[in-house]
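The values are calculated or read from the model by the stated rules, or taken from the named source; none is laboratory data. This structure is a prediction, so every number in the text was calculated from the model and none was measured. Cβ coordinates were reconstructed from backbone atoms using ideal geometry, including for glycine residues, and neighbour counts include every protein chain displayed.
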Amino acid sequence: MSIAFAQEPSMVGTPTMLDQTSYFARMAHLRTKSAGFELNNRFVKELNVMRFSGAIPFSSGVCSGMYQTYGFGDYREHTFSVGLAKNITPRWALGLQTRPTFETFGKAYPSRFSMDLNASAFAKLSANLYADTELHIPVRVSSNTRENAPLQSFLRMNLSYVFSKYGQTSLSVKQQLPYKTEVAMQLCYTPLYPLTIFGNAGSSSDCGFGIQYVFNRITCRFQTQYRPIVGYSTTIGIHYQHSEFTKKTSYDM
């Protein structure tokens, strides 16, 4: 049982720790030490998710780590993540992550352990067109995991087009087994830097909106996502970067 965050806005701009849960390869362009925190209210307070993350650039790439937890009563889920993102060419980057997860049930049942693997790629196709690809592979490595549960691997692809210095649009396609293909579109608009407004709508009738604001070295993001039947999921995130943000994107090559 793994909790995934609502899809982060796929903004092409200075990469932050908030990119770590989706399209991880973008972090190869991170230039300075960073840390982040997110709180995600998934429809009811019992499903609140907290996440702490950090990253350090090296000459061979960007190494990052993350700890995520949620649960209620005797049940608690702990997910750790260790990843490496690296520029392969000036226009192409790769990212690899491993995510071990521990589930505990108090004294009533034995704990469970599982492992997820993520591979992602980020490419600059032209001056205004960017592409992301992400492959998620769950691996069950413990005898206490649910052996009959389906392994919900997925492939997600995203195209982002920057149509002006104020805005961009994105189209993403996600295929998760054994579910139907999902298609989503997003629009990001920056009326006045450092404020960005974004919204999205998907084929599964979900939609959302949010805002992001940059204060010197700190990025703050508020996002809410609506899904039929279950309702709203709200995320608040904050990211600190060791050096001051600049208006120029780190993806320029």
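Only one entry in VAL183, VAL173, VAL141 is at pLDDT below 90 and either in a strand (DSSP E or B) or of a type in the set (Val, Ile, Thr) (or both), namely VAL141.
For GLY106, the conditions (1) modelled with pLDDT under 85; (2) out of contact with any strand residue (DSSP E or B) (no Cβ under 8 Å at 6 or more places or on another chain) all hold with the exception of (2).
Applying the criterion of being charged (D, E, K, R) and either in contact with a Phe, Trp or Tyr (Cβ under 6 Å, 6 or more places away or on another chain) or not in a strand (DSSP E or B) (or both) to the residues of the stretch 101-132, the residue that is farthest from GLN152 (Cα to Cα) is LYS124.
In the stretch 153-168, the qualifying residues are those that are surrounded by 15 or more Cβ atoms within 10 Å (Cβ to Cβ), farther than 20 Å from PRO138 by Cβ and hydroxyl-bearing (Ser, Thr, Tyr), and the one that is farthest from the chain's Cα centre (by Cα) is TYR161.
Tallying residues that are in contact with a Ser or Thr (Cβ under 7 Å, 6 or more places away or on another chain), closer than 19 Å to TYR161 by Cα and of a type in the set (Ser, Thr, Tyr) within the stretch 190-240 yields 2.
Scanning the stretch 28-48 for residues that are at pLDDT 90 or above, closer than 23 Å to SER120 by Cβ, surrounded by fewer than 21 Cβ atoms within 10 Å (Cβ to Cβ) and not basic (Lys, Arg) yields ALA35, PHE37. A count restricted to the stretch 50-74 and to residues that are modelled with pLDDT under 90 and of a type outside the set (D, E, K, R) stands at 6.
Residues in the stretch 57-98 that are among the charged types (D, E, K, R) and in contact (Cβ under 8 Å) with a residue 40 or more places away in the chain: GLU77, LYS86, ARG91.
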